[in-house]
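Written below as structure tokens is the structure these notes are about.
Values in this text are rule-based calculations from the coordinates and carry no lab data. Not measured: the values here are computed from a predicted model. All Cβ positions, even for glycine, are placed from backbone atoms using ideal geometry, and neighbour counts span all protein chains on display.
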Amino acid sequence: MTDTSAPPLTPSADPAGDVPRRITAPVSTGDRIFRGVLRAAGLSVFLIMGLIAFFLLYRGMQAFRATGWSFFTQQKWLTESGVFGIAAVLPDGIIIALVALVIAVPVALTAAVFVAEYAPYRVRGLLVSLVDLMAAIPSIVYGLWGLFFLQPRIVGFVRWLSMHPGQYIPFLKVRTGDIGTSYTSSPFIAGTVVSLMIIPIITSLSREVFSQAPQGEREAAYALGSTRWGMVRSVVLPFGRGGMIGAVMLGFGRAMGETIAVALIISPKFTVTTHILEDGANSISSLIALRFGESDPLSLSALMAAGLVLFALTLVVNMLAAVLIGRSRSGAATAD
Amino acid sequence: MSGHSTAAAERSEQRVRLGGIDREVVSTIAGAGCGSLALTWLLYERVLPLSGAFGFLVCWYLGCLVLTWGIARLQWDRRIVRERLVQLVVGSSGLVVVGLIVDQVGYVAIRGAHAAGHLNFFTQDMLKTATLSPITSGGALNAVVGSLEQLGLATLFAVPLGIAAAVFMSEIGGRLARPVRTVVEAMTALPSIVAGLFILGVVILTLGVQKSGFAASLALTVMMMPIVTRAAEVVIRLVPGTLREASYALGASQWRTVLNVVLPTARPGLVTAVVLGMARGVGETSPILLTSGFTSGMNANPFSGHQVSLPLYIWNYVRYPAPDMVARAFAAALTLMVLVLALFATARFIGGRRPGELSRRQRRRIARDLLGTDHNAPMEEK
């Protein structure tokens, strides 16, 4: 919609000297108030985001002052002695998110192609609802399911991974020996649970993009003798590339911020993960969830500072994702 | 494809099947599946030093793909083989996703039925229940009440703000609309723990308000508002511009047009937006964890004192080593899931219609009115 409240009029007659009449729509007081209120509501999102950044910075200042730049290089988290930093929790969290992406992206994108292109027309609506429902399931339920259902069942596979491929691939090795507890709380298992949470997000976003691929080009591909996969590969996937990348990045942002499921699975540690199947992992969000009960101001301030880093990181990732989705051809149809 | 058509050839022309499944495909895939099962069993269980059900499944699936390729290559050309393989991969992905959700819902339902089957779970709180108390004592009434109150408050804050922001973007627009949209997008993906941390930092630490249900509902508002805004904006955009123009032509001002024409037309979609936001809000754990505090007793007043809610209840009791406590947590998870499912089903039920499309009952009422006033009036619907 445009700025004007009145629809534009087109001049009907066509004598040469005819100039369109200037139309000014007088804005009534009611409208002025109305617009003011709406504008305030629209601007409130800037206010909220600004306040979040400001207060996290304000509250985290004490921690930044206490540590200086070593906040970004220190791996330990000993707030009592003033030695703490995010050099371990931040990369660990990214590793969990990457594991989640490695598992989720192939499944989610192929499932999206299935739902958008291959599923029989009659069940398509049902599938879309199911995927959306999966996205609406609370993260704590995923956490419960991961802790009680998935964890005991996947340990055998993890053990196999570490024993056989692990002999040749260093980061799959488990150095703590072959005992049951050395596999259970690894970044890999946490990442697996998180992957289940981001599968529906990536699936539903990319399905939406795929289904917007222009009908004419699809028919053109078929008319040239293409199989369905040929059509998908030459029309749907190129059309949805930006949307797919954006969806994956949004999934990454979600995985970075995921708290509860990770906090339930992992056993916290404060060294950078080099072997993803070994016990012990961490992430900024689960660190906050597990440590916020500490009452001294410096500890809380340190958590706020860590939260600020998480906030900034996810903000950058999500903004990039939004720009990618918006810039792609797929977004062009929907933007403004 | 048969070639250029003469009249005779046209009659014998057959419709080309572009996708779909016929007997050959099914038997090919089934054969590959069986072959792979036998092969995997032999290699995986007997020959190679491997074990574990998960690994078996992965190997079986890969074997299945390879065998399908082999069998298909014997009967079809390369292009069709590729098509069939893609069909198989993509279809099994879809199956995996559906299987995951069924498994998840089913598992929580089965584990939760044990404690939720006792009526006291919905009539008592946990005040007089110790770690080892039997399942017939204690319940989640306090958590259900807390969840509903916090959700209600958050909805009260988030919905007017969210819908107003959506109306701003679609009806007023201008230069500011685009940045607002971008920020809303970014806010949708705000890590929930950061929302909790924000309210903890502002409301509780800076303003000195006690941890309470109210603080939790503020954190939920931050999470729900962008969801409502995004979903509402999409439906408001679908309202036909002609309706707005008709309203302006009748001399209505902008706020009248929005309130009397645009919003009512988009009502089903708006309700869907609100309900989806609620479904998302009711399950958020980490913002509540930081802001509401925990209590095992009943606290119906969200404005003072700690107040527990369903996600927090689960988070707290699932970490007890006692099996009955875990059973209670699962029952609470089941309750939460039923709540989300109910909200979700409501959203689907209401949101099925496009803006301006009438429900069956509305159409019937209009038909009745028409019949009552004028029997010769043309009927619009079938």
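Summary of values
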{"item": "Cα convex hull volume per residue for the protein assembly as shown (Å³)", "result": "247 Å³"}
{"item": "Helix A:241-257 vs. chain A, principal-axis angle (Cα, 0 to 90°, nearest 10)", "result": "40 degrees"}
{"item": "Residue-wise HN-Hα coupling along the stretch B:218-226, computed from phi with Karplus coefficients 6.51, -1.76, 1.60 (Hz; x: Gly, Pro)", "result": "5, 5, 5, 4, 4, 6, 7, 4, x"}
{"item": "Charge sum, other residues only, whose C-beta stays under 12 Å from A:Ala100's C-beta, Lys/Arg counted +1 and Asp/Glu -1", "result": "0"}
{"item": "Whether the stretch B:89-238 is rounded, prolate or oblate, judged on the alpha carbon gyration tensor where a/c under 1.5 counts as rounded", "result": "oblate"}
{"item": "Computed [θ] at 222 nm, deg cm²/dmol, the protein assembly as shown (DSSP H ≥ 4; -39,500 (n - 2.57); rounded to nearest 500)", "result": "-20500 deg cm²/dmol"}
{"item": "Projected label distance in nm at B:Trp76 and A:Thr24, using a 7 Å step from Cα toward the beta-carbon", "result": "7.0 nm"}
{"item": "Chain B - Rg and Dmax from Cα coordinates, angstrom", "result": "28.8, 88"}
{"item": "Gained length - B:Ile110 relative to B:Arg178, 0.36 nm times residue gap less alpha-carbon distance", "result": "19.8 nm"}
{"item": "Whole-Hz ³J(HN,Hα) from phi, Karplus 6.51 cos²θ - 1.76 cosθ + 1.60, for the stretch A:72-87, glycine and proline x", "result": "8, 10, 7, 8, 5, 10, 10, 5, 5, 9, x, 10, 7, x, 9, 5"}
{"item": "For the stretch B:141-364: rounded, prolate or oblate by the Cα gyration tensor [a/c cutoff 1.5]", "result": "prolate"}
{"item": "Nitroxide proxy distance, nm - points 7 Å out along Cα→Cβ at B:Arg360 and B:Phe294", "result": "4.8 nm"}
{"item": "Projected label distance in nm at B:Ala342 and B:Leu37, using a 7 Å step from Cα toward the beta-carbon", "result": "4.2 nm"}
{"item": "B:Leu190 long-range amide H proximity, modeled H, under 5 Å", "result": "none"}
{"item": "Residues with amide H under 5 Å from that of A:Val83, placed H, sequence gap 5 or more", "result": "A:Leu78"}
{"item": "Amide H contacts under 5 Å for A:Ala281, placed H, 5+ residues apart", "result": "A:Ser267, A:Lys269"}
{"item": "Full-extension gain in nm, A:Ala40 to A:Leu224, via 0.36 nm per residue minus C-alpha separation", "result": "60.9 nm"}
{"item": "Normalised per residue, the volume of the convex hull around the Cα set of chain A (Å³)", "result": "239 Å³"}
{"item": "Using alpha-carbon coordinates, inclination of helix A:89-113 to the longest axis of chain A, degrees", "result": "50 degrees"}
{"item": "Pairs of lysines in the protein assembly as shown (C-alpha under 30 Å apart; 8 or more residues apart or interchain)", "result": "6"}
{"item": "Charge dipole (chain B, unit charges on Cβ, about Cα centre) - positive-most of B:Met224, B:His118, B:Ala347", "result": "B:Ala347"}
{"item": "Three-way shape call for the stretch B:21-112 based on the alpha-carbon gyration tensor, with the a/c threshold at 1.5", "result": "oblate"}
{"item": "In order through the stretch B:287-300: 3J(HN,Hα) via Karplus (6.51 cos²θ - 1.76 cosθ + 1.60), integer Hz, x for Gly, Pro", "result": "x, 5, 3, 7, 10, 9, x, 10, 9, 8, x, 7, 9, 8"}
